Amino acid sequence: MSRLPPSARPGRRQKHEPHNRRYVVILRDWRPYASDGLRGYVRIELDVGLVIPNIRILVGINGPFIAPPEQPVLKDGKLKRDVNGKPVYAPTVQWKDRATSDKFNAR
C-alpha cells in the first residue's frame, strides 16, 4: 500500500495553492419552480471543472440562500420517513462548516 506524502493527506492544503484563492462560479442552468420558499434549481460550474447540479434557490425570512442537492435516504430498500411521514433526504455535497456556508450565501 502506498503512502500519501504529508502535503497530500486529507485536511492539508497543497503548497502550491494560494490561501486566499477565489473561485469563479458559472451559472449553467436555471429552472424556475415556485413552491413555498423554493424559487428554483440551478446547475453551477466552478472554474476548476466541478459541476454541481440541482442546487436549490430558496427565500427565507433573512433573504435568499442556496441549499445543496440531496438524495433520498433508503432503509431496507424503502424510502425512509421522519416522524411526520415526510421523506428523509441526505446532502450529496456539503459545506465544511456553517461559517463557510454563510460566507458563500452572502455573495
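The values are calculated or read from the model by the stated rules, or taken from the named source; none is laboratory data. Every value quoted in this text rests on a predicted model; they were computed, and no experiment measured them. Positions of Cβ are generated from backbone atoms using ideal geometry, with glycine treated the same way; all protein chains shown enter the neighbour counts.
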* Considering only residues of the stretch 46-64 that are closer than 19 Å to Asp29 by Cβ, at pLDDT below 90 and not β-branched (Val, Ile, Thr), which is surrounded by the fewest Cβ atoms within 10 Å (Cβ to Cβ)? -> Gly49
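Take the stretch 35-50 and flag every residue that is among the acidic types (Asp, Glu) and part of a strand (DSSP E or B).
Within the stretch 35-50, the subset among the acidic types (Asp, Glu) is 36, 45, 47.
Within the stretch 35-50, just Glu45 meets the criteria.
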* Asked: Just checking, how many residues over the stretch 83-94 are surrounded by 11 or more Cβ atoms within 10 Å (Cβ to Cβ), assigned to a loop (DSSP other than H, G, I, E, B) and without any contact (Cβ under 8 Å) to a residue 24 or more places away in the chain?
  -> 1
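Which of the residues belonging to the stretch 51-82 are of a type outside the set (D, E, K, R), assigned to a loop (DSSP other than H, G, I, E, B) and either within 18 Å of Thr100 (Cα to Cα) or touching a strand residue (DSSP E or B) at 6+ places or on another chain (Cβ under 7 Å) (or both)? Lay out the reasoning, then the answer.
At the first step, the residues of the stretch 51-82 found to be of a type outside the set (D, E, K, R) are 51-55, 57-69, 71-74, 77, 79.
In the following step, the residues that additionally are assigned to a loop (DSSP other than H, G, I, E, B) were identified as 61-62, 68-69, 73, 77.
Asn62, Pro68, Pro69, Val73 - these are the residues of the stretch 51-82 that are of a type outside the set (D, E, K, R), assigned to a loop (DSSP other than H, G, I, E, B) and either within 18 Å of Thr100 (Cα to Cα) or touching a strand residue (DSSP E or B) at 6+ places or on another chain (Cβ under 7 Å) (or both).
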